[in-house]
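The values are calculated or read from the model by the stated rules, or taken from the named source; none is laboratory data. All values derive from a computational prediction rather than experimental measurement. Backbone-built Cβ (ideal geometry, glycine too); neighbour counts: all protein chains shown.
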Amino acid sequence: MVELKDRAGEVIEAGTTEFLTQCYELYRSPSLGSLVKTVDESIEQYGIVYNATTASIEPGRRPIARGKDETREEDIYNSSPQLLKLLRTEFNALVVGFREGEKIYHYLPPRPARIHSFVYLCQPEEIKEFSRSFDFLNILVGSSLPVSIEEIVAASLRQISLVQDEPHSYLVAAGKELAVLLGGEFNRLKSIISKIKS
């Protein structure tokens with residue numbers, strides 16, 4: 001059962017391969033590589049956070065510097081409380097699997113997430129269950145994203161390893177799986193491995 005405190009935001013844009021979430025609180029995006037989920041009537045979709053932004057709520061209108069006469073960053077928000085309503089934090093999540101009933105599938109779900117679906121941070125036991133199989137790495141490695149795939153793969157493995165009983169062993173097993181997936185792409189493999197070493 002998901003709890004209110006685990007809610008990160010709401011889906012505001014969705015497609016077959018990813019969903020965009022607006023956070024309820026400014027600057028409260030999950031960490032890069034975090035596993036999140038959105039819950040539909042019968043399907044829970046899992047996504048890996050690959051990008052986060054904070055910007056003006058009005059497209060094309062950029063925030064302006066306001067802290068020239070302030071001593072602390074918090075003072076800017078204290079003297080201009082309306083800023084909290086004029087800015088928004090959003091994050092993108094790449095869909096890497098779904099749960100239907102009791103079974104987890106490590107491939108794309110039959111339909112996109114619904115707009116205004118709640119997005120939750122996955123809890124340790126759920127992350128462990130999801131990551132028993134490395135099949136989600138197929139989607140990550142094969143993705144075309146506006147950020148470095150190697151960075152996202154490494155970030156997700158670092159995040160997932162934090163909840164494992166034996167984090168180092170998990171990362172070693174993940175490295176072996178990546179060696180198979182990436183075949184002769186030694187530089188990509190080396191880049192990921194160098195970022196997940198503990």
Any hit, segment 126-138, residues being touching a Lys or Arg at 6+ places or on another chain (Cβ under 6 Å) and of a type in the set (Ser, Thr, Tyr): no
Here the residues within segment 143-198 that are over 14 Å from the mean Cα position of the chain (by Cα) and basic (Lys, Arg) are Lys176, Arg188, Lys190, Lys195, Lys197
Looking only at segment 69-83, how many residues end up being within 18 Å of Glu25 (Cα to Cα) and either in contact (Cβ under 8 Å) with a residue 60 or more places away in the chain or small (Gly, Ala, Ser) (or both)? 1
Considering residues that are out of contact with any Asp or Glu (no Cβ under 7 Å at 6 or more places or on another chain), at pLDDT 95 or above and not small (Gly, Ala, Ser), the number found within segment 25-37 is 4
Single residue of Val11, Val49 found to be closer than 22 Å to Pro124 by Cβ and among the hydrophobic types (A, V, I, L, M, F, W, C): Val49
Scope segment 135-149; condition part of a helix (DSSP H, G or I) and surrounded by fewer than 17 Cβ atoms within 10 Å (Cβ to Cβ); matching residues: Asn138
Which residue pairs have Cβ atoms closer than 7 Å, lie 6 or more positions apart in sequence or on different chains, and pair a first residue in segment 94-120 that is under 21 Å from Leu137 (Cβ atoms) with a second residue that is of a type in the set (Asp, Glu) and assigned to a strand (DSSP E or B)? Leu94/Glu18; Val95/Glu18; Phe98/Glu44; Arg99/Glu44
Just one of (1) more than 23 Å from Leu171 (Cα to Cα); (2) buried (at least 17 other Cβ atoms within 10 Å of the Cβ); (3) not basic (Lys, Arg) trips up Glu126, so point out which. (1)
What is the number of the single condition among (1) within 27 Å of Asp6 (Cα to Cα); (2) touching a residue at least 24 places away in the same chain (Cβ under 8 Å); (3) of a type outside the set (Ser, Thr, Tyr) that Arg132 does not meet? (2)
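Results for (1) under 15 Å from Gly33 (Cβ atoms); (2) in contact (Cβ under 8 Å) with a residue 60 or more places away in the chain; (3) surrounded by fewer than 18 Cβ atoms within 10 Å (Cβ to Cβ), shown as yes or no for each residue.
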position: Glu151; (1), (2), (3): yes, yes, yes
position: Ser156; (1), (2), (3): yes, yes, no
position: Ile160; (1), (2), (3): yes, yes, no
position: Lys190; (1), (2), (3): no, no, yes
